[in-house]
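One structure is given below, encoded as structure tokens.
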Amino acid sequence: MSSIAERRADIDAKQAALMPVLAAMGVESLLLLMPAHVAWFTAGMNVHGLIPDSERPGIYTNGHHRWLVCSNVDTQRLFDEELDGLGFQVKEWHWESGRSDFLMYLTAGEQVAADRPFPQIPLANEQLRPMLRVLSNYEQTQYREIGNLVVNAVETTARHCAQGQTEHEIAGQLGHRLLHHGVEPVSVSVAADGRGAKYRRIGAGPTAVTRTAVLQATGERDGLFATCSRTVSFGSVPSEFGIAHDLAVKQASMFRSWSKPKKTIGAIGVAGRAVLAQTPFEFDFWLSPPGYGAGRFPAEFLGRPGHEEPLAPNLAVVWQSRIGPAAVVDTLLVTDAEPIAITPPDLWPVKRLVVRGGPPQDIADILVRDQGI
């Protein structure tokens, strides 16, 4: 676990990085209310409880000092459990009076920018976007820890779920394991017996698992999101499923090998289509996108009107190779050299591939278990 000093240094660096943003926008201070922006600036403040968007805490900074802006309901816990020793002061409203009036009072007479639309206040979202996309060294350490916890939950559930259990039951076990390790389940899916071929975005239902199950989870902790999938087969792998999974593994390795700065997810996805040529799944690429940006968002679409946003060093991406009933999904961190797997297989069978003379890649294979176990 990272120390308070390391976390405070990360926050100090982010606050300092905002100084030129404030100067360029011609404002004195910045108000952050979007959850992703607040989690980024605080290096992972977790906001708990039943809370409407209009009551969520925010951050107010002038580049020299920083304040938590919050309801009196949340102040004590946020300082005791989240922000103690991190250099924050507090600006507090009473829950009965509400946030809106308090923010009008707070910003009255100030030259302020915000990340939510307010009358006559400039939006800072475009200036903040590149800061959120690239993970700091402190965030990368957090991210690896979260990725390992998500992997552990998915793989442990796949090793211990029972033939005949429903998707709902297995998803419940997976969600429990995430929560047990302090990771919030954001999305949990279980596709039984090839249902992923029909539904590319699947949750969990009453269908019982008799032969195969594809387990996938997105977990969040400290405002960071990691995603992975693993596949289990009770007894020998069905022929069509095995063919599809082998293709998905090959495509996943191609996606990984092309995950370089200045490349785009769209272009990498097009390159990965070559794996499917002259196979029964030749046109499966039409059925779902190849991947998304990750990190401070569970899935961020990096294709914007008129252009795609290129990958950059220290940017996270989640690749999803969905072919027929199979899926191979993992989260990576782009670097100046080879990408780093944030959700690498742990106690799991792998296929080792080499693409374009690059380093060996270990991609999660299918875990074959005895029937009835």
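The values are calculated or read from the model by the stated rules, or taken from the named source; none is laboratory data. Not measured: the values here are computed from a predicted model. Virtual Cβ from ideal backbone geometry, glycine too; neighbours counted across all protein chains shown.
Scanning segment 197-223 for residues being over 28 Å from Thr279 (Cα atoms) and either hydroxyl-bearing (Ser, Thr, Tyr) or touching a Leu at 6+ places or on another chain (Cβ under 8 Å) (or both) gives a total of 5.
Right, Ile146: more than 24 Å from Glu300 (Cβ to Cβ) and aliphatic (A, V, I, L, M) or not? Answer is no for this residue. Residues of segment 58-82 that are surrounded by fewer than 19 Cβ atoms within 10 Å (Cβ to Cβ) and among the hydrophobic types (A, V, I, L, M, F, W, C): Trp67, Val73, Phe79. For segment 216-245, the set of residues classified as over 14 Å from Gly182 (Cβ atoms) and out of contact with any strand residue (DSSP E or B) (no Cβ under 8 Å at 6 or more places or on another chain) consists of Ser239, Glu240, Ile243, listed by residue number. Of the residues contained in segment 22-34, none is found to be among the charged types (D, E, K, R) and under 27 Å from Gly182 (Cα atoms). When Ala5 is tested against (1) touching a residue at least 24 places away in the same chain (Cβ under 8 Å); (2) part of a helix (DSSP H, G or I); (3) within 15 Å of Phe88 (Cα to Cα), just one condition goes unmet, and that condition is (1). Picking from residues in segment 194-251 that are among the basic types (Lys, Arg) and in contact (Cβ under 8 Å) with a residue 24 or more places away in the chain, the one that is farthest from Thr166 (Cα to Cα) is Lys250.
From the list Thr141, Thr166, Thr156, the lone residue that is farther than 24 Å from Val328 by Cβ and among the hydroxyl-bearing types (Ser, Thr, Tyr) is Thr141.
Evaluating Trp67 against the criteria (1) of a type in the set (Phe, Trp, Tyr); (2) within 24 Å of Pro122 (Cα to Cα); (3) out of contact with any Lys or Arg (no Cβ under 8 Å at 6 or more places or on another chain) leaves one unmet condition, (3). Filtered by the rule that a residue be in contact with a Phe, Trp or Tyr (Cβ under 8 Å, 6 or more places away or on another chain) and either aromatic (Phe, Trp, Tyr) or outside any helix (DSSP H, G or I) (or both), segment 107-143 gives a lone residue, Leu135. Please enumerate the residues belonging to segment 125-135 that are crowded, with 18+ Cβ neighbours inside 10 Å and out of contact with any strand residue (DSSP E or B) (no Cβ under 6 Å at 6 or more places or on another chain). Selection gives Gln127, Leu128, Leu132.
Among the residues making up segment 324-360, those that are within 22 Å of the chain's Cα centre (by Cα), closer than 24 Å to Thr157 by Cβ and part of a strand (DSSP E or B) are Ala326, Ala327, Val328, Val329, Asp330, Thr331, Leu332, Ala341.
Note on segment 85-106: residues that are touching a residue at least 12 places away in the same chain (Cβ under 8 Å) and part of a loop (DSSP other than H, G, I, E, B) amount to 7. For first residues located in segment 152-177 and outside the structural domain of Tyr199 (by TED's automatic domain parsing), partners that are at pLDDT below 95 and lie 6+ apart or on another chain with Cβ distances below 9 Å do not occur.
When you scan segment 222-236, do you find a residue that is buried (at least 22 other Cβ atoms within 10 Å of the Cβ), among the aromatic types (Phe, Trp, Tyr) and under 23 Å from the mean Cα position of the chain (by Cα), even just one? Yes; the residues of segment 222-236 include at least one that is buried (at least 22 other Cβ atoms within 10 Å of the Cβ), among the aromatic types (Phe, Trp, Tyr) and under 23 Å from the mean Cα position of the chain (by Cα).
Just to be sure, is Glu155 within 19 Å of the chain's Cα centre (by Cα) and closer than 28 Å to Ala364 by Cβ? Yes. The residues of segment 38-57 that are touching a strand residue (DSSP E or B) at 6+ places or on another chain (Cβ under 9 Å), buried (at least 18 other Cβ atoms within 10 Å of the Cβ) and under 21 Å from Glu6 (Cβ atoms), listed by number, are Val38, Ala39, Trp40, Phe41, Thr42, Gly44, Met45. Could you say whether any residue in segment 30-49 is farther than 22 Å from Ser136 by Cα and not in a helix (DSSP H, G or I)? Yes, there is a match, as at least one residue in segment 30-49 is farther than 22 Å from Ser136 by Cα and not in a helix (DSSP H, G or I). For first residues located in segment 345-361 and outside the structural domain of Ser229 (by TED's automatic domain parsing) and surrounded by 10 or more Cβ atoms within 10 Å (Cβ to Cβ), partners that are in a loop (DSSP other than H, G, I, E, B) and among the β-branched types (Val, Ile, Thr) and lie 6+ apart or on another chain with Cβ distances below 8 Å do not occur.
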